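Chemist: Sharing a structure with you now.
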Amino acid sequence: MDFEEIKNLSSEYLFRNYGRMDIAFTHGKGAYLYDTDGKEYLDLVAGIAVNSIGYAHAEWVEAMREQISKLTHVSNIYHIREQAELGERLASVTPSGLKRSLFVNSGAEANEGAMKLAVRCTGRSKILSAFNGFHGRTSASLGATGQTKYQETFEPLISGAYRYYNFGDLESVKKLIDRDTAALLIEPIQGEGGVVTAGGDFFRGVRDLCTDSGVMMVADEVQTGVGRTGKWFGMDCYGVVPDIMTMAKGLGGGVPIGAVVTTDEFSKVMTPGTHGTTFGGNPLVCRSARAVLDIIEKEDLVGNADKVGSEWIKELKALGSDRIRDVRGSGFIIGVEFESNDTATAIQKAMIGNGMLVNICHGNVMRLIPPLILSSEQKDAFMSVFRDFI
Ligand SMILES: Cc1ncc(COP(=O)(O)O)c(C=O)c1O
């Protein structure tokens with residue numbers, strides 16, 4: 001099927017809720033994607049921070065082939081070997097104490113689960129989250145997403161539970177915390193909000209405030225988790241251990257899986273019937289996530305993201321162009337803020353024309369979130385094209 005046929009079918013039969021670019025891909029290999037005309041692209045988007053091990057990794061393909069031939073789905077009313085094995089594997093990389101997992105299908109769903117857990121653990125009802133943050137688009141996660149552009153027209157679906165603090169401003173957190181605060185949601189780096197960072201002191205201060213006031217600190221690691229920041233989890237960059245961690249995107253390497261991870265003690269409140277989902281943690285997605293974690297560890301992709309990402313940030317900062325207002329991030333989540341939205345759009349177009357896929361978020365920020373396998377040479381290839389346009 002050629003591109004025009006795909007586009008026509010989409011226009012006729014699909015919701016119009018995505019602003020789609022005029023490209024469709026047929027397959028991928030490593031860090032490259034191929035479109036319907038056979039054109040090759042270096043992928044610095046990775047399905048928005050999802051395809052952590054790139055495309056068609058041989059070990060992952062073999063694991064999937066074997067799993068599909070045996071068992072794809074069974075209900076959570078039975079014990080599931082692959083889910084139990086993934087739980088154990090995940091606990092080997094999460095911060096100590098965070099050992100119990102609940103597997104779901106997406107990032108938003110993981111955050112819903114985390115909020116339910118916090119409300120049930122504390123018996124309180126308020127949820128704090130940051131302005132400009134992003135936690136998903138289902139009702140509760142939308143409530144926690146402190147950006148009016150996502151909430152507009154859906155206010156009737158959002159409860160009065162949410163209060164918003166300024167990211168990076170400990171005083172504004174202090175002002176909001178009270179005896180009815182159940183949880184504070186926080187992204188280690190605000191991804192959708194434009195790759196916005198805050199210093200380690202802020203995160204450590206939030207940790208202390210939460211501990212002192214009995215508020216559960218929920219680290220939303222949906223985008224930053226599983227190696228992206230050059231550490232296993234974004235909060236590891238600051239030496240902070242949250243009470244609850246949510247993750248999704250990079251965990252499954254392309255299949256829909258999310259997780260809520262917490263301590264043995266906190267997990268006890270979620271008794272049978274309090275939460276659940278039909279597809280959550282089925283054998284296929286759990287086998288996929290275990291293969292992803294194994295590959296990340298075996299190939300030291302966390303170290304790769306740290307090393308190549310640090311070099312990349314340095315080189316981007318050294319460009320010193322008038323059109324670049326700021327460069328920020330950690331590992332393989334890098335934001336290049338341009339002086340205008342028009343510049344960002346023009347540069348994205350030029351990069352795509354030259355076979356480099358980049359994402360623009362928050363209007364004027366180029367977000368670089370490649371597969372964790374991206375090599376130093378591939379980063380150099382990006383830089384040599386980017387230099388010509390900046
Ligand atoms: C930090 C963060 N939390 C939650 C979500 C929502 O995840 P999903 O789209 O899988 O529901 C996202 C998605 O971009 C995210 O970046």
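The values are calculated or read from the model by the stated rules, or taken from the named source; none is laboratory data. Given the structure is predicted, the values throughout are model-derived calculations rather than measurements. All Cβ positions, even for glycine, are placed from backbone atoms using ideal geometry, and neighbour counts span all protein chains on display.
Chemist: Take the residues of segment 31-75 that are assigned to a loop (DSSP other than H, G, I, E, B) and small (Gly, Ala, Ser): which is nearest to ILE296 (Cα to Cα)? Steps first, answer last, please.
Modeler: Here is the first cut: in segment 31-75, the residues assigned to a loop (DSSP other than H, G, I, E, B) are 31, 36-39, 44-45, 50-54, 56-57, 71-75.
Restricting the remaining residues to those that are small (Gly, Ala, Ser) gives 31, 38, 52, 54, 56, 75.
Working: ALA31: 15, GLY38: 29, SER52: 8, GLY54: 11, ALA56: 14, SER75: 29 Å.
If we take residues in segment 31-75 being assigned to a loop (DSSP other than H, G, I, E, B) and small (Gly, Ala, Ser), then SER52 is nearest to ILE296 (Cα to Cα).
Chemist: Follow-up question, since we're still on this one. Which of the residues belonging to segment 162-193 are assigned to a loop (DSSP other than H, G, I, E, B) and farther than 23 Å from GLN223 by Cβ?
Modeler: We begin by selecting, within segment 162-193, every residue assigned to a loop (DSSP other than H, G, I, E, B); these are 166-169, 177-180, 187-189, 191-193.
Residues satisfying the conditions are ILE177, ASP178, ARG179, ASP180.
Chemist: Identify, please: which residue in segment 252-283 is free of Cβ contacts under 8 Å to residues at least 40 places away in the same chain and either more than 21 Å from the chain's Cα centre (by Cα) or outside the structural domain of ARG81 (by TED's automatic domain parsing) (or both) and is, among those, farthest from GLU112 (Cα to Cα)?
Modeler: Initial filter on segment 252-283 (free of Cβ contacts under 8 Å to residues at least 40 places away in the same chain): 255, 265, 268, 271-273.
After this cut, where a residue has to be either more than 21 Å from the chain's Cα centre (by Cα) or outside the structural domain of ARG81 (by TED's automatic domain parsing) (or both) as well, the list is 265, 268, 271-273.
Working: GLU265: 19, LYS268: 17, THR271: 16, PRO272: 17, GLY273: 15 Å.
Result: GLU265.
Chemist: Based on this model, can you work out whether ALA118 counts as within 16 Å of the ligand (Cβ to nearest atom) and modelled with pLDDT of 95 or more? Please lay out each step first, then the result.
Modeler: On the way: within 16 Å of the ligand (Cβ to nearest atom): yes; modelled with pLDDT of 95 or more: yes.
The answer is yes for ALA118.
Chemist: Can you work out which of the residues in segment 76-107 that are more than 16 Å from the ligand (Cβ to nearest atom) and part of a strand (DSSP E or B) is nearest to CYS286 (Cα to Cα)?
Modeler: Pass one, segment 76-107, residues more than 16 Å from the ligand (Cβ to nearest atom): 76-101.
Okay, now just the ones that are also part of a strand (DSSP E or B), so 100-101.
Values: ARG100: 15, SER101: 12 Å.
Restricting to residues being more than 16 Å from the ligand (Cβ to nearest atom) and part of a strand (DSSP E or B), the top hit is SER101.
Chemist: Please verify whether segment 360-376 includes one or more residues that are more than 22 Å from the chain's Cα centre (by Cα), of a type outside the set (A, V, I, L, M) and not in a helix (DSSP H, G or I). Please lay out each step first, then the result.
Modeler: So the first thing to find is which residues in segment 360-376 are more than 22 Å from the chain's Cα centre (by Cα), and the list is 376.
From what's left, of a type outside the set (A, V, I, L, M): 376.
Next cut, not in a helix (DSSP H, G or I) only: none.
Checked against the condition, which is being more than 22 Å from the chain's Cα centre (by Cα), of a type outside the set (A, V, I, L, M) and not in a helix (DSSP H, G or I), segment 360-376 yields no hits at all.
Chemist: Still on this structure, I have one more. Mind listing whichever residues of segment 128-147 are over 26 Å from LEU209 (Cβ atoms) and away from the ligand (no atom under 12 Å from the Cβ)?
Modeler: Restricting attention to segment 128-147, the residues satisfying the condition of being over 26 Å from LEU209 (Cβ atoms) are 137-139.
Within segment 128-147, just SER139 meets the criteria.
Chemist: Spot the failing condition for ALA344; the list is (1) crowded, with 18+ Cβ neighbours inside 10 Å; (2) in contact with a helix residue (DSSP H, G or I) (Cβ under 6 Å, 6 or more places away or on another chain); (3) not in a loop (DSSP other than H, G, I, E, B), and only one is missed.
Modeler: ALA344 satisfies every listed condition except (2).
Chemist: List, please: which pairs have Cβ atoms under 8 Å, are six or more places apart or on different chains, and start with a residue in segment 44-66 that is surrounded by fewer than 19 Cβ atoms within 10 Å (Cβ to Cβ) and end with one that is assigned to a strand (DSSP E or B) and modelled with pLDDT of 95 or more?
Modeler: Filtered contacts from segment 44-66: ILE48/ASN359; ALA56/HIS27; ALA56/GLY28; ALA56/LYS29; ALA56/GLY30.
Chemist: Quick one: how many residues across segment 243-279 are in a loop (DSSP other than H, G, I, E, B), within 14 Å of the ligand (Cβ to nearest atom) and crowded, with 24+ Cβ neighbours inside 10 Å?
Modeler: Here is the first cut: in segment 243-279, the residues in a loop (DSSP other than H, G, I, E, B) are 243, 248, 252, 254, 256-257, 263, 268-279.
Now restrict to residues that are within 14 Å of the ligand (Cβ to nearest atom): 248, 252, 254, 256-257, 277, 279.
Add one more test, that the residue is crowded, with 24+ Cβ neighbours inside 10 Å, and what stays is 248, 252, 257.
Residues meeting the conditions: 3.
Chemist: Checking ASP212 against (1) in a helix (DSSP H, G or I); (2) within 16 Å of the ligand (Cβ to nearest atom); (3) farther than 13 Å from ASN51 by Cα, which single condition isn't satisfied?
Modeler: Tallying (1) in a helix (DSSP H, G or I); (2) within 16 Å of the ligand (Cβ to nearest atom); (3) farther than 13 Å from ASN51 by Cα, ASP212 fails exactly one: (2).
Chemist: Which one of these does SER159 not meet: (1) in contact (Cβ under 8 Å) with a residue 12 or more places away in the chain; (2) closer than 23 Å to VAL241 by Cβ; (3) more than 16 Å from the ligand (Cβ to nearest atom)?
Modeler: Tallying (1) in contact (Cβ under 8 Å) with a residue 12 or more places away in the chain; (2) closer than 23 Å to VAL241 by Cβ; (3) more than 16 Å from the ligand (Cβ to nearest atom), SER159 fails exactly one: (2).
Chemist: Given the residues ALA110, ALA130, which is the only one that is among the hydrophobic types (A, V, I, L, M, F, W, C) and either in contact with a Pro (Cβ under 7 Å, 6 or more places away or on another chain) or assigned to a helix (DSSP H, G or I) (or both)?
Modeler: ALA110
Chemist: Which one of GLU152, GLU112 is free of Cβ contacts under 8 Å to residues at least 40 places away in the same chain, within 14 Å of the ligand (Cβ to nearest atom) and not hydroxyl-bearing (Ser, Thr, Tyr)?
Modeler: Only one candidate passes the filter, namely GLU112.
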